[in-house]
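Structure record follows, encoded as structure tokens.
Values quoted throughout were computed directly from the atomic coordinates according to the rules given, and no laboratory measurement underlies them. In this text, all values refer to a predicted model and were calculated from it rather than measured experimentally. Every residue, glycine among them, receives a Cβ derived from its backbone with ideal geometry; neighbour counts consider all protein chains shown.
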Amino acid sequence: MSKKMHISLTVNGKQEEFLAEPRELLIYTLRERLNITGPHIGCETSHCGACTVTIDGKSVKACTMFVAQADGADVTTIEGLGNPDSLHPLQEAFKEHHGLQCGYCTPGMITRAAKLLEENPNPTEDEIRFGMAGNLCRCTGYQNIVKSIRAAATEMNAAKEAAE
Amino acid sequence: MIPAAFEYYRPKDLSGVISILEEHGDDARVIAGGHSLIPMMKLRMADVPHLIDLQDIPGMSEITVTADAITIGAMTTQHDIIDHDGLATAAPILREAALQIADPQVRYMGTVGGNVANGDPGNDMPGLMQCLNATFTLVGPDGERTVPAREFYEAAYMTAREDEEILTAVTIPTPKGGYAYEKQKRKIGDYATAAAAVQIIKDGDTCTAASIAMTNLSDTPIWSEDAAAALVGTSLDSVALKAAVDAMLVDIDPSEDNRGPVAFKRHVAGVILTRAIERAWSRA
């Protein structure tokens with residue numbers, strides 16, 4: 001065992017301080033240390049995207065980052081996007097358009113999609129498929145995921161226009 | 001998957017990195033985006049007792065574009081390359097290649113420096129850098145030196161970089177003419193079954209210069225001088241195209257793996273190179 005280091009993280013706006021071995025993978029920090037269980041462990045080999053979180057403005061697979069690398073970072077998970085009383089437009093759209101079946105990939109899908117829409121608020125179907133290529137779903141065939149993201153984009157753009 | 005324990009360092013400058021490398025030799029490795037190294041550590045195929053994180057070293061993510069040359073800091077990510085308007089104009093082949101690497105999440109983390117320094121024959125940037133005649137800047141205890149990409153790769157994971165050196169930047173003569181990066185892969189996120197980087201200069205109807213490099217078809221990238229020479233002086237008719245492919249097939253030495261047997265890889269290499277040359281020519 002290597003010696004523990006002091007880690008300071010902001011997760012969903014909340015400051016977290018703890019001691020951890022540098023080799024701890026961020027996905028375990030979130031799930032087992034901080035009880036933030038939205039990000040899932042799917043393949044654990046950087047392929048499936050179920051563990052996707054946003055770190056300092058980047059979509060990152062939390063199974064492929066040591067907690068030491070994330071020291072000082074700002075992390076957002078699905079829990080930081082919406083809650084049962086106030087769903088994020090993407091959560092609303094996935095519910096409305098059957099964008100999930102078993103739900104396992106959904107937190108990673110929505111967290112990634114939120115970043116995609118931030119960078120490209122009005123994506124075409126092709127751009128959505130290309131931008132979501134790091135997230136695997138074994139239930140839906142992707143059709144309704146793409147539809148959900150398109151619907152959320154329309155909704156979010158309308159809300160933005162109404163506010164202006 | 002839990003990697004073996006390691007000591008973690010996050011130095012603030014290059015001299016801090018080099019002194020740790022000098023102290024621990026090949027027991028120490030630098031980590032940039034980590035998307036090659038961390039999976040290997042999780043599988044315990046890489047043993048790294050001392051891990052040196054480069055994220056706090058200033059100035060390593062800079063991209064400089066001038067009329068003659070492009071310099072890309074080693075910590076520049078694939079996402080940064082895709083997102084950079086100046087690069088998209090000056091060297092569009094970089095963006096075309098970066099878009100074919102891995103998936104969006106991996107491209108936010110994976111760096112140019114890591115991709116070229118790792119020496120993995122599956123990585124796309126080494127062949128591309130050979131095509132573009134890039135030079136790599138290495139900094140070590142004795143100062144700075146540059147090594148041409150075409151002389152950097154010795155064998156799989158074996159490069160001209162010494163253990164106590166760090167690759168800090170890639171410099172490319174601003175490319176001219178038509179370009180194409182063509183890649184065949186089994187699925188998103190996979191390495192190439194075969195990939196080709198091509199730059200072509202056209203004068204009237206005649207090819208006056210060409211550069212061709214192939215990826216994942218030998219234990220190093222293959223810059224094929226003979227394939228390029230087969231195009232120069234021709235108008236890229238079918239005879240010239242076939243001569244280029246035949247010359248390339250002499251230079252590569254693929255091995256069988258789960259992407260297919262040798263005969264299949266040679267077939268795909270020919271198809272991919274033909275497509276790349278045709279696309280580069282159409283843009284020249």
For this session: Excluding residue B:249 itself, calculate the net charge of residues whose Cβ lies under 13 Å from the Cβ of residue B:249, where each Lys or Arg counts +1 and each Asp or Glu counts -1.
Result: -1
Seminar exercise, completed: Sorting B:152, B:105, B:74 by the position of each Cα along the dipole of the protein assembly as shown (Lys, Arg +1; Asp, Glu -1; all at Cβ), the one nearest the positive end of that ordering is B:105
Problem set entry | Using a Förster distance of 30 Å, the FRET efficiency for residue A:32-residue B:13 (Cβ separation, nearest 0.05) | 0.30
Exercise. Label-point separation (nm) for residue B:56 and residue A:10, each offset 7 Å from Cα along Cα-to-Cβ?
Worked result: 1.9 nm
Seminar exercise, completed: Once the mean of 1/r over all distinct C-alpha pairs in the range B:63-173 is inverted, the Kirkwood radius in Å reads 14.0 Å
For this session: Provide the FRET efficiency to the nearest 0.05 for the residue B:242-residue B:88 pair, computing r from the beta carbons and using R0 = 45 Å.
Result: 0.85
For this session: May I ask you to derive the relative contact order of chain B, considering only C-alpha pairs under 8 Å and at least 6 residues apart, and to give it as an integer percent?
Result: 15 percent
For this session: Would you mind getting me the FRET efficiency between residue A:126 and residue B:190? Use the beta-carbon distance for r and R0 = 22 Å, nearest 0.05.
Result: 0.65
For this session: Out of all DSSP beta bridges with both ends in the range A:5-80, state the antiparallel percent to the nearest 5.
Result: 90 percent
Exercise. Under the definition of partner shielding as Cβ atoms of other protein chains within 10 Å of a residue Cβ, what is the mean value for peptide A:125-137?
Worked result: 3
Exercise. How big, on average over all directions, is the shadow cast by the Cα convex hull of the protein assembly as shown, in nm²?
Worked result: 23.1 nm²
Seminar exercise, completed: chain B, Gaussian network, Cα under 10 Å: of B:183, B:12, B:202, the residue fluctuating most is B:12
Exercise. Looking at this model, which pairs from A:14/A:58; B:183/B:242; A:14/A:95; A:3/A:61; A:61/B:42 are more than 22 angstrom apart at the alpha-carbon?
Worked result: A:14/A:95; A:3/A:61
Problem set entry | Cα convex hull volume per residue for the range B:178-283 (Å³) | 83 Å³
For this session: Please identify which residues in the range A:8-43 have an amide N closer than 19 Å to a label point set 7 Å out from the Cα of residue A:74, following the Cα→Cβ vector.
Result: A:8-17
Seminar exercise, completed: Placing each pseudo-label 7 Å from Cα in the direction of the beta carbon, residue B:253 and residue B:205 end up separated by a distance in nanometres of 4.1 nm
Exercise. Taking springs between alpha-carbon atoms closer than 10 angstrom, which of B:242, B:185, B:42 fluctuates most in the Gaussian network model of chain B?
Worked result: B:42
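Given the rule -39500 (n - 2.57) for each run of at least 4 DSSP H residues, summed and divided by the residues of the protein assembly as shown, what is its mean residue ellipticity at 222 nm, to the nearest 500 deg cm²/dmol? Each step should come with its number before you reach the end.
Numbers: 15 runs with 146 residues, N = 448.
About -9500 deg cm²/dmol.
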For this session: Taking trypsin sites (Lys or Arg not before Pro) as candidate sites, keep only those in a DSSP loop with at most 15 other Cβ atoms within 10 Å, then name the longest stretch of chain A containing none of them.
Result: A:5-137
Exercise. In nm, to one decimal, how far is the modelled label at residue B:146 from the one at residue B:162, with both set 7 Å along Cα→Cβ?
Worked result: 2.0 nm
Exercise. If you plug each phi of the range B:117-124 into the Karplus form 6.51 cos²θ - 1.76 cosθ + 1.60 with θ = phi - 60°, what whole-Hz ³J(HN,Hα) values come out, in order, with x for Gly and Pro?
Worked result: 7, 5, x, 6, x, x, 5, 7
For this session: For the protein assembly as shown, give the magnitude of the charge dipole about the Cα centre (Cβ charges: +1 Lys/Arg, -1 Asp/Glu; no others), in debye to the nearest 20.
Result: 1380 debye
For this session: Per residue of the range B:37-54, in order, report the coupling 6.51 cos²θ - 1.76 cosθ + 1.60 (Karplus, θ = phi - 60°) as ³J(HN,Hα) in whole Hz, putting x for Gly and Pro.
Result: 6, 5, x, 5, 5, 5, 7, 6, 8, 10, 10, 10, x, 10, 10, 10, 7, 8
For this session: Within a 10 angstrom radius of each residue's Cβ in A:21-34, how many Cβ atoms of other chains show up on average? Whole number is fine.
Result: 2
